[in-house]
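See structure below.
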Amino acid sequence: MTTIRYRITPKNPRAHLFEVELSIERPARQQQLWLPVWIPGSYLVREFARHIVTLTAVADGAPIAADKIDKHTWQLETGEGVNIVVVTTTVYAWDLSVRAAHLDQTHAFFNGPSVFLAVKGREQQPCELVIEPPSDESCKGWRVATTLPAVDVRPTGPTGGFGRFRAADYDELCDHPVEMGTFDLVEFNAGGVPHQMAITGRVRFDRERLQRDLAAICNEQIRMFHGAGKPPFARYLFLTMAVGEGYGGLEHRSSTALICKRDDLPRPSPGVSNGNGSAMTTTSAAAGPATPSDPNDSYRSFLGLCSHEYFHLWNVKRIKPAAFSPYDLSRENPTRLLWAFEGITSYYDDLALVRSGVISVESWLDLLGRTTTKVLRAGGRKKQSLAESSYDSWIKYYRQDENTPNSQVSYYTKGSLVALALDITLRSATDDARSLDDVMRLLLARYGDNANGRGAGVPEDGVERAAAEVAGVDLKPFFDEYVRGVNDVPLGGLLEPFGLRLHLRPVDSDSDPGGKPGKKDAEKRGSLGITAGVGDDGAHLAHVHDGGAAQKAGLSAGDVVVAVDGLRASRGMLARHVGERPPGERLHLHVFRRDELHEFDVVLQAPEPEAAWFSVDDAAPPEARARRTAWLLRKS
């Protein structure tokens with residue numbers, strides 16, 4: 001079988017241009033090439049072909065026509081008896097995200113679907129990739145970080161260098177993102193397998209704590225799926241871009257691409273030099289989760305992101321929906337199961353933090369309260385089910401607008417609460433002998449050969465059937481209510497037998513995340529029913545919530561409140577006026593809608609108890625405390 005050969009070069013970092021060369025031996029007489037329209041893990045058609053600047057082709061050294069026949073497909077007029085066709089593209093790379101490609105004098109990053117043309121009809125053939133260094137003088141000292149299998153690289157090392165790599169097929173070629181630059185490398189072991197984090201950006205961080213915490217989290221997840229056995233990959237790589245503002249991740253079969261704020265990394269101790277320029281050290285899995293204190297909110301968020309993407313190694317990359325088996329990167333691949341693949345992962349990402357000892361139970365309860373608050377503050381949860389939210393992700397979740405809180409529910413946040421409820425339901429049905437952990441292991445055993453994309457995949461009812469099999473009871477009513485229906489999960493009643501209590505209160509402000517007790521007498525303060533946006537020329541209304549005081553008065557998202565009772569308004573001033581007035585009091589607002597000035601009288605409403613927080617019930621019986629400990633801390 002012939003090999004499809006690629007060569008990629010950061011040709012002009014200052015203009016953000018990659019040059020990509022594709023060589024095809026013995027092509028078809030009319031050979032078609034196509035570029036994916038989306039990337040697995042991010043369910044939106046992104047039209048990567050729009051970033052191709054030029055495309056030329058030569059057959060046995062002579063130029064040939066390359067005609068674009070649809071938005072992402074080209075046809076080469078190759079002719080008969082051609083030995084080799086070489087197609088050269090220039091790709092504009094200025095998307096600073098985890099999804100596509102980015103190139104300048106500081107670093108280069110790319111995902112395969114955004115830069116590598118596929119050869120139609122030959123996607124299953126082996127692929128070879130040569131990664132060339134940039135010639136720009138400002139890029140001296142660059143190296144390569146990727147888990148794509150190396151064949152001949154220079155210099156050799158745990159992350160490889162520039163040179164030649166291989167992939168079994170086009171799918172594997174696209175499932176190994178690549179970072180080039182002068183990144184800082186953090187190394188540790190987990191499950192007997194080497195792990196690295198390559199951090200790009202100007203950062204200072206506590207290297208030892210990061211190593212220790214990541215090792216603890218990864219070990220916990222490996223232990224859950226494989227016990228004392230090794231995970232199904234030879235090494236793992238976190239590719240991390242640390243920037244001023246940013247947050248996100250994208251999973252791959254043996255790596256993940258992350259973007260975070262540089263302040264999300266753990267702060268170094270005073271007087272300690274860590275981060276860029278410091279020597280590389282290795283922390284073994286035996287070091288254990290001996291963190292000195294709970295992480296602050298930003299570092300905890302980063303660890304949750306790492307935990308989330310790492311859990312996707314199993315739940316998405318190996319346990320995969322039938323709709324993704326194999327991926328069709330030329331069009332949408334809808335499924336009603338994203339609540340399970342993203343929601344269950346969102347449940348376990350935080351659960352792994354507390355089980356590994358990286359955060360305390362109190363910190364985990366704070367996270368649970370924040371997630372519950374997000375769900376309760378979205379009126380769309382009463383209109384859209386999780387199954388519908390999953391199916392419509394291609395047209396709704398990644399295209400959120402001013403009406404999203406009123407019309408949608410997140411399969412991440414509510415999905416994680418349903419996963420928690422399912423876990424508790426399974427434990428209760430089996431006298432704590434079985435849990436959602438067993439469901440995940442059953443799904444892995446049944447569908448785990450999907451890492452290569454060629455397995456059957458989880459059918460649309462596969463998660464429900466696996467959960468019922470573990471529980472030994474019919475779970476259709478549960479799925480009808482919380483997955484296919486729009487009912488709220490009864491967390492209070494579910495958690496009480498574990499010695500945990502749910503508390504609900506009004507939000508202190510439109511930006512109140514919940515998770516903790518609020519201010520006193522919050523129920524005595526009026527509510528406007530809006531979410532404020534950012535702006536310097538008044539109080540911008542980002543969202544106007546269904547049934548709230550603002551909507552009833554006629555205000556709309558996009559309006560800018562410029563005066564309250566005759567006084568100039570700002571975001572803080574509007575919040576202060578609302579917070580100082582009781583329900584039933586009237587505000588007179590001057591508002592710009594586009595370039596027209598309007599006046600509104602708004603009658604403040606009583607606030608809804610939408611903020612959640614959880615506490616440990618110190619009066620709970622010993623058996624409740626024992627159940628909680630076995631669940632959250634894995635201790636008997």
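The values are calculated or read from the model by the stated rules, or taken from the named source; none is laboratory data. All figures in this text were calculated on a predicted structure; none of them were measured in a lab. Heads up, the Cβs are rebuilt from the backbone with ideal geometry, glycines too, and the neighbour counts pull from every protein chain shown.
Just one of (1) of a type outside the set (A, V, I, L, M, F, W, C); (2) part of a strand (DSSP E or B); (3) on the phi > 0 side of the Ramachandran plot fails for His598. It is (3).
Determine whether region 615-622 contains at least one residue that is assigned to a helix (DSSP H, G or I) and farther than 18 Å from Gly548 by Cα. Looking through region 615-622, at least one residue is assigned to a helix (DSSP H, G or I) and farther than 18 Å from Gly548 by Cα.
Against the conditions (1) surrounded by fewer than 23 Cβ atoms within 10 Å (Cβ to Cβ); (2) outside the structural domain of Glu251 (by TED's automatic domain parsing); (3) among the β-branched types (Val, Ile, Thr), Val193 satisfies every one except (2). Here Gly448 does not qualify as surrounded by 19 or more Cβ atoms within 10 Å (Cβ to Cβ) and within 22 Å of the chain's Cα centre (by Cα).
Residues that are acidic (Asp, Glu) and not in a strand (DSSP E or B) within region 163-196 comprise Asp169, Asp171, Glu172, Asp175, listed in sequence order. Considering region 581-628, the residues that are among the acidic types (Asp, Glu) and surrounded by 13 or more Cβ atoms within 10 Å (Cβ to Cβ) include one that is farthest from Trp364 (Cα to Cα), namely Glu585.
Criterion first (in a helix (DSSP H, G or I) and either of a type in the set (Ser, Thr, Tyr) or surrounded by fewer than 21 Cβ atoms within 10 Å (Cβ to Cβ) (or both)) does Ala563 satisfy it? So Ala563 fails the test. Within region 300-325, residues that are assigned by TED's automatic domain parsing to the domain that holds Gly249 and touching a residue at least 60 places away in the same chain (Cβ under 8 Å) reach no partner that is among the basic types (Lys, Arg) and not in a loop (DSSP other than H, G, I, E, B) with beta carbons closer than 6 Å at six or more positions or on different chains.
Being under 20 Å from the mean Cα position of the chain (by Cα) and surrounded by fewer than 22 Cβ atoms within 10 Å (Cβ to Cβ) is a property that Asp175 lacks.
The rows are residues; the columns are (1) at positive phi; (2) hydrophobic (A, V, I, L, M, F, W, C).
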site: Gly121; (1), (2): yes, no
site: Gln124; (1), (2): no, no
site: Pro134; (1), (2): no, no
site: Val153; (1), (2): no, yes
site: Tyr170; (1), (2): no, no
site: Thr182; (1), (2): no, no
site: Glu187; (1), (2): no, no
site: Met197; (1), (2): no, yes
site: Glu208; (1), (2): no, no
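Somewhere in region 262-271, is a residue part of a strand (DSSP E or B) and not hydrophobic (A, V, I, L, M, F, W, C)? No, region 262-271 has no match at all. Per the listing Gly380, Gly343, the residue uniquely surrounded by fewer than 24 Cβ atoms within 10 Å (Cβ to Cβ) and of a type outside the set (Asp, Glu) is Gly380.
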